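Okay, structure first, notes after.
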Amino acid sequence: MPKNNKALKKNESVGKTFTVPSGLAPIQEDFTITTDAHSKFSKIHIRNQAIKFHREGNILDAEKYYQNFINLGYSDHKVFSNYGIILKSYGKLEEAAVLQERSIKIKPDLAEAHYNLANTLKDLGKINEAEISLRKAIKLKPDFVESYSNLGIILKDLGKLNEAEILLLKAIELNPYFAEAYSNLANVMKESGNFYDSINYAKKAIKLNNKLSIAICNLIELKGIICDWSDLDIQSTWMNQIGIYGSSINPGVLNYYEDNPLRQLIRSKRFFKQNYVRKSEPLGVNNNNKINVGYFSSDFRAHPTMFLISSLLSLHDKKEFNIYLYSFTPKDDEYTQMAKESGCIFRDIKDLNDIEVVNLARNDKIDIAVDLMGYIQNNRISIFSYRVAPIQINYLGYPGTLGADPIDYIIADKIIIPNEYEKFYSEKIIFMPNCYQCNDNKKEICSEPITREDFNLPSKGF
């Protein structure tokens, strides 16, 4: 193994802002109500009442009227699109997408409908389809600022950083006061390693909206990356509220900057609830001849996770267990090949959306599903939100709590989670007798001398 292998680099974090305005259609004038439920006036009344309640934030009554409208066999693009927004908020993404597609079928030239559909498709893991919908929205409405911003984030996730930067700069050109666009651009700059520009964009976002949690979180992380310890008093004040109130933030980012397990539990629960709740169902016990275990990760590649787990995969007792590897690794390498040759059943799922992955894992009759990523970059924790196995476990990549109801257990040890900290985990804890972290027992210790210069460090100094 190369001597300068960065096997223990810090877990990458997810940082993104995806702008989701209401997308509600204008309320039209109410007309005289008749007692005939099938009259056009009653149809207009039901629709307008639904939209009125929705705009007022009375979601329960809005849902009742939307459902009544549909049950009566009425059809209206505004109702379908708006009701889809409500269903999306409940995690009923497939149902939401169906309604939003019906809305577009009725009125294909409404940019907001394509935009709403894109938001749902993104949460379904249908990133390429979401990109197409956002491009349609922009074509129909060239000044649609939110579409430029959201498309920029999707392209960032697809690794198209230059194009993402162009789109986000366009959003800022259209609206120089759009804080979320600056925050998204800060994320793109961070991804490309341009930390100083990223810091400046995060600061601009906060100046425009001092309650924008993701921008504040980004700034804290970025200042830490470049070892800028100024303004710690301000950051300390932010820590008391960020992710606790308002919009959620990825809890993993702040693990490096404060040791407050209660706040981390609250942040984790809020982050999961606001971003990953999906329509799920309980799964019964499979009557398999062997126990089927599935590992899910994007890091079956040259990555710290694979450096640690490679021997474990080959050492699993294949006589008693069927081991499945569900890989959404963006680009295969020699370590991916090692995973494929480990005697496990390898599933390449990088081109499958979340629903397709869920169906695949359920058809494989997985008994125990192990997420190796938690909230680190490129995770697909939403797959576990649907529930792919009767038992679901958080292991290795993220040894903190996920605050997620669908995750039943976490594998740890008494160093990672001392007795007095168990109460700060939403998962039940499986304690290993010594150390939770496996290692590659075939890895040779480097016998060559290692210098600071090998790691681009000065010969002396901090």
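The values are calculated or read from the model by the stated rules, or taken from the named source; none is laboratory data. All values reported here derive from a predicted model rather than from experimental measurement. Note that we place each Cβ from the backbone using ideal geometry, even for glycine, and neighbour counts take in every protein chain shown. With ligands, DNA and RNA removed, areas are computed over all heavy atoms of the protein, side chains included. Shrake-Rupley method; radii C 1.70, N 1.55, O 1.52, S 1.80 Å.
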Residue match in segment 362-381 (condition: touching a strand residue (DSSP E or B) at 6+ places or on another chain (Cβ under 9 Å), basic (Lys, Arg) and assigned to a strand (DSSP E or B)): no
Segment 76-116: number of residues that are of a type in the set (Lys, Arg) and more than 21 Å from the chain's Cα centre (by Cα): 4
Any chance Asn240 is polar (S, T, N, Q), at negative phi and modelled with pLDDT of 95 or more: no
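Output yes when any residue across segment 405-419 is open to solvent by 80 Å² or more (accessible area, probe 1.4 Å), farther than 19 Å from Arg278 by Cα, in a loop (DSSP other than H, G, I, E, B) and among the aliphatic types (A, V, I, L, M), and no when none is.
Looking through segment 405-419, at least one residue is open to solvent by 80 Å² or more (accessible area, probe 1.4 Å), farther than 19 Å from Arg278 by Cα, in a loop (DSSP other than H, G, I, E, B) and among the aliphatic types (A, V, I, L, M).
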Where a residue in segment 99-127 is in contact (Cβ under 8 Å) with a residue 60 or more places away in the chain and its partner, wherever it lies, is charged (D, E, K, R), with Cβ under 6 Å and at least six apart: Leu124/Asp354; Gly125/Asp354
Matching entry among Ser268, Ser314 (being farther than 27 Å from Asn119 by Cα, among the polar types (S, T, N, Q) and in contact with a helix residue (DSSP H, G or I) (Cβ under 9 Å, 6 or more places away or on another chain)): Ser314
Ser198 vs. criteria among the hydroxyl-bearing types (Ser, Thr, Tyr) and in contact (Cβ under 8 Å) with a residue 12 or more places away in the chain: yes
Number of the condition not met by His316 [criteria: (1) more than 28 Å from Leu158 (Cβ to Cβ); (2) out of contact with any strand residue (DSSP E or B) (no Cβ under 8 Å at 6 or more places or on another chain); (3) free of Cβ contacts under 8 Å to residues at least 60 places away in the same chain]: (2)
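A quick yes/no check of all residues on (1) modelled with pLDDT of 95 or more; (2) at negative phi; (3) not in a loop (DSSP other than H, G, I, E, B):
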| residue | (1), (2), (3) |
| --- | --- |
| Phe53 | no, yes, yes |
| Leu60 | no, yes, yes |
| Tyr74 | no, yes, no |
| Asn82 | no, yes, yes |
| Glu95 | yes, yes, yes |
| Arg102 | yes, yes, yes |
| His114 | yes, yes, yes |
Helices (runs of 4 or more DSSP H) enclosed by segment 156-251 - at least 2 residues per element that are surrounded by fewer than 17 Cβ atoms within 10 Å (Cβ to Cβ): 161-174, 195-208, 213-225, 232-239
Residue tally, condition closer than 15 Å to Lys122 by Cα, open to solvent by less than 40 Å² (accessible area, probe 1.4 Å) and of a type outside the set (Val, Ile, Thr), over segment 47-104: 7
Restricting segment 279-303 to residues that are under 17 Å from the mean Cα position of the chain (by Cα) and at pLDDT 95 or above, the residue that is surrounded by the fewest Cβ atoms within 10 Å (Cβ to Cβ): Ser298
